[in-house]
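Notes follow once the structure below has been shown.
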Amino acid sequence: MADSAAAAAAAAVQPATVGQAVIPLVNRLQDIMARLDGEAAGGVELPQVAAIGGQSSGKSSVLEALVGRDFLPRGPEICTRRPLVLQLVRHSAPEEWGEFLHAPGRRFDDFEHIKREIQSETDKEAGGNKGVSDKQIRLKIFSPNVIDITLVDLPGITRVPVGDQPSDIESRIRTMIMQYIKHPSCIILAVSPANADLANSDALQLARLGDPDGSRTIGVITKLDIMDRGTDARNFLLGNVIPLKLGYVGIVNRSQEDINFNRSIKDALAFEEKFFSTLPAYHGLSQCCGVPQLAKKLNMILLKHITDMLPGLKSRINAQLVAVAKEHAAYGDTAESTAGQGVKLLNILGKYCEAFSSMVEGKNKVSTDQLSGGARIHYIFQSIFVKSLEEIDPCKNISDEDIRTSIQNSDGPKGAMFLPEVPFEILVRKQIGRLLDPSLQCAKFIYDELVKISHGCLTSELQKYPILKRRMGESVSNFLRDGLRPAETMITHIIEMEMDYINTSHSSFVGGSKVVELAKHEGLSSRGPTSLSVHKDGVGISSEAQLKSSTENNVQLKSERGQKSRAVFARDTSRGAIAEKGFQPDTDAGTSVAGGGQNGHSLVGGSLSSMSDPRVYSLNSLYSMIRLREPPSTLKPSENKTDRDRTEIAIVKLLVKSYYDIVRKSIEDAVPKAIMHFLVNHTKRELHNVLIRKLYRESLLDDMLRETDEVLIRRQRIQETLQVLEQAHRTLEEFPLEAEKVERGYSLSEYGTGLPNIPGLSNRNPRGILP
């Protein structure tokens, strides 16, 4: 009783340590941040000390010695099955008690009740048969006999599963431990028993993974009193075996017999002091021997660690606060009144249309990864539509036989003296009609791009209102589809206008005598196949066929540029034709049919001179003597092309290509203009009015602005996170004055460890622990 009173008196007169200003601040922050899960905390890691070690390494005994009370579940098997965040708070009153975060307002004055509560909460989360959970238990102990510090007691490393433990229990525990010790804000308390090989210590191996350079690890060697006789841990404590920058501390644990006979922590500390003072091997190592030195060392290391990390901690909390505040503003407040809902809907529609126009015009946030918005529309026009039209060969699908058949069909029954214009017009109209399909495809591509742009506008804003998002999507799609129809109609009219009027008087059209001159210049071959190409500007026409001089002399020009005519040049009226392959003319045996004579007559059964009187025969008798072939059902031009046929084919191809290039250039310009006018710009101009007309109805407001359950939950969590971060920010704002005091320096040797004053137990601060 006297000792307790003396301890209380000594504690009452001692000035407050620096840790009572800095470490409690971090404890408050931990209480505040504990309300957030890892995702909501945004990576804000607070300074803390994590105790790790193998099963039965004496880790729990170390923590109990620091507290000075027996309060942790004990046993031969795994005892710590959930992370226990232990906050030690020193105060001047003589009472000692504990408080759990999961039981706010409830005070535990009996430490046996604290032990049972820990066991009960562990079984509730991890089961009653040795299961393990990563969910924390947070315990705060108030006592005049402790120093201000926060420790995390992590489950001991075990290799053999027992009870309900999974087969990979070792891997799970190692992963759980790494989640704590990998952060630079964590001081690692690596607990290893002295009666085991330190080189194979599980705690030191894990500490090396989380802290490769050993700058955050304190080694604790337990059970020094049960080492083999003749051995000691002096080299371990001096760091000669496995060096650590923060050094080692050796302690003597209570044995299981001591625990069974309720040997007090006070008696155990007295035994430890006597142990180190009587063994010569530990003389001169008082700064790294005993629980009081461990407590003091932890306090000072954690204090320095916190003061070093506070500037960065402030920056991280401020950054997280700004990010959460921005997200909270994006979610906004719920509008209760009809007027408020109407204003919110109008704001959403206005922002949506503004975002749509900005994306089309390229005024939104410019992406550096890929083309988007209006840039894709330009790409479709220039790199897909125009380029595809330029690659089309207008004569690719026109065979020479098609041209010859068209020419001969246009001659009629009498045969024209000049190359008619009709074959050219028929063929060029056919090629112009081919431009309709790619033009309509271009309009469909632009429609698809506008749909994509509409889906990318206000994605996060509309995500909260699924019904509004769906209705807006339907309205925009219908409006775009309505705009596509007049664009397609206009494109169809453009193509039809080009087909309805073939303007051979166009200044760029190569016709009349010029086409003949170009054909002469290229030298059309009399035998080879004809292949001509006309560049887009109408010059540079090439041909594989050549005109013979005899052909050139017979060419007559019916019209020059600027005159409408029915023929291109003079031609021979004789034409050859053959029946469809497989046709055989009817002939009688012994009958000779001759044709193609001077008069075009055919004689049968001999000559006229053999008749007795050639003047006596009549027309009837002559008719009965001549037999004509019946015309075949299908006639095609003769397979044998004359030089004139090749020339005519070449001229028609020249004319078709020349006029096609004129139309192609016109289409390349007119189609994008029609799409921009009827579809793109019309959408930009009228989208806002259409959305208001379709969606702004008082009867629909409640339905459209109804948020999903996920959004409501998310908003609530963001509000709670914002409140926590604001509270943490205010807490950190209280620290600058104390931080300045720490920077000016304190003489830490003035203050004791905070542990109970025990007769014969030195409470001095040894030299060499920290500068």
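The values are calculated or read from the model by the stated rules, or taken from the named source; none is laboratory data. Predicted model only: the values in this text are computed from it and were never measured. When we count neighbours, we look across all protein chains shown, and the Cβ atoms used for this are built from the backbone with ideal geometry, even at glycine. Quick note on the areas: whole protein, heavy atoms, side chains included, nothing else; ligands and nucleic acids left out. Shrake-Rupley method; radii C 1.70, N 1.55, O 1.52, S 1.80 Å.
Can you run down the residue pairs with Cβ atoms below 6 Å, 6 or more apart or on separate chains, where the first is in the stretch 320-336 and open to solvent by 70 Å² or more (accessible area, probe 1.4 Å) and in a helix (DSSP H, G or I) and the partner is small (Gly, Ala, Ser) and at pLDDT 85 or above?
Once the first residue is open to solvent by 70 Å² or more (accessible area, probe 1.4 Å) and in a helix (DSSP H, G or I) and sits in the stretch 320-336, no partner that is small (Gly, Ala, Ser) and at pLDDT 85 or above comes close enough.
Of everything in the stretch 268-326, what is basic (Lys, Arg) and within 16 Å of MET33 (Cα to Cα)? Give them in sequence order.
Matches in the stretch 268-326: LYS314, ARG316.
Just wondering, is there one or more residues in the stretch 372-384 that are more than 28 Å from ILE713 (Cα to Cα), at pLDDT 85 or above, hydroxyl-bearing (Ser, Thr, Tyr) and surrounded by fewer than 19 Cβ atoms within 10 Å (Cβ to Cβ)?
Yes, the stretch 372-384 contains a residue that is more than 28 Å from ILE713 (Cα to Cα), at pLDDT 85 or above, hydroxyl-bearing (Ser, Thr, Tyr) and surrounded by fewer than 19 Cβ atoms within 10 Å (Cβ to Cβ).
Which fully enclosed helices (runs of 4 or more DSSP H) of the stretch 156-264 have 1 or more residues being open to solvent by less than 50 Å² (accessible area, probe 1.4 Å), of a type outside the set (Asp, Glu) and touching a strand residue (DSSP E or B) at 6+ places or on another chain (Cβ under 7 Å)?
169-181, 202-210, 234-237
Looking at (1) touching a residue at least 60 places away in the same chain (Cβ under 8 Å); (2) open to solvent by less than 50 Å² (accessible area, probe 1.4 Å), which is the one condition that is false for ASN681?
(1)
Pairs under 8 Å by beta carbon, first residue over 27 Å from ILE32 (Cα atoms) in the stretch 705-720, partner open to solvent by less than 90 Å² (accessible area, probe 1.4 Å) and part of a helix (DSSP H, G or I), six or more apart or different chains?
Matching pairs, first to second residue: LEU705/GLN341; LEU705/LYS344; LEU705/LEU345; LEU705/LEU468; ARG706/ILE467; GLU707/ARG715; THR708/PRO466.
Looking at the stretch 189-198, is at least one residue hydrophobic (A, V, I, L, M, F, W, C), farther than 26 Å from ASP232 by Cα and in contact with a Leu (Cβ under 8 Å, 6 or more places away or on another chain)? Walk me through how you get there before you give the answer.
Narrowing the stretch 189-198 to residues hydrophobic (A, V, I, L, M, F, W, C): 189-191, 194, 196, 198.
Those still in the list that are farther than 26 Å from ASP232 by Cα too: none.
No, that holds for no residue.
I need the full set of residues from the stretch 121-132 which are surrounded by 21 or more Cβ atoms within 10 Å (Cβ to Cβ) and modelled with pLDDT under 85, in order please.
VAL132
Go through the stretch 70-109 residue by residue and tally those that are in contact with an Asp or Glu (Cβ under 7 Å, 6 or more places away or on another chain), within 23 Å of ALA295 (Cα to Cα) and of a type outside the set (Phe, Trp, Tyr).
Count: 9.
Considering (1) crowded, with 21+ Cβ neighbours inside 10 Å; (2) out of contact with any Cys (no Cβ under 9 Å at 6 or more places or on another chain), say which one PRO104 fails and leave the rest.
(1)
Can you tell me which residue within the stretch 133-147, out of those that are open to solvent by less than 10 Å² (accessible area, probe 1.4 Å) and either out of contact with any Pro (no Cβ under 9 Å at 6 or more places or on another chain) or modelled with pLDDT under 85 (or both), is farthest from SER201 (Cα to Cα)?
Checked the stretch 133-147; the qualifying residue farthest from SER201 (Cα to Cα) is SER143.
Only helices (runs of 4 or more DSSP H) wholly contained in the stretch 422-495 count here; list those with 3 or more residues that are touching a Phe, Trp or Tyr at 6+ places or on another chain (Cβ under 9 Å) and buried (at least 18 other Cβ atoms within 10 Å of the Cβ). If you could, list the steps in order and put the result at the bottom.
Values: elements: 422-433, 436-455, 459-463.
Qualifying helices (runs of 4 or more DSSP H): 422-433, 436-455.
Provide a single number: the residues in the stretch 121-149 that are hydroxyl-bearing (Ser, Thr, Tyr) and not in a loop (DSSP other than H, G, I, E, B).
2
Pairs needed: first member in the stretch 95-107, closer than 16 Å to ASN27 by Cα; second member anywhere, open to solvent by less than 40 Å² (accessible area, probe 1.4 Å) and among the aliphatic types (A, V, I, L, M); C-beta distance under 7 Å; at least 6 residues apart or different chains.
Qualifying pairs under 7 Å: GLY98/ILE114; GLY98/LEU139; GLY98/ILE141; PHE100/LEU139; LEU101/ALA34.
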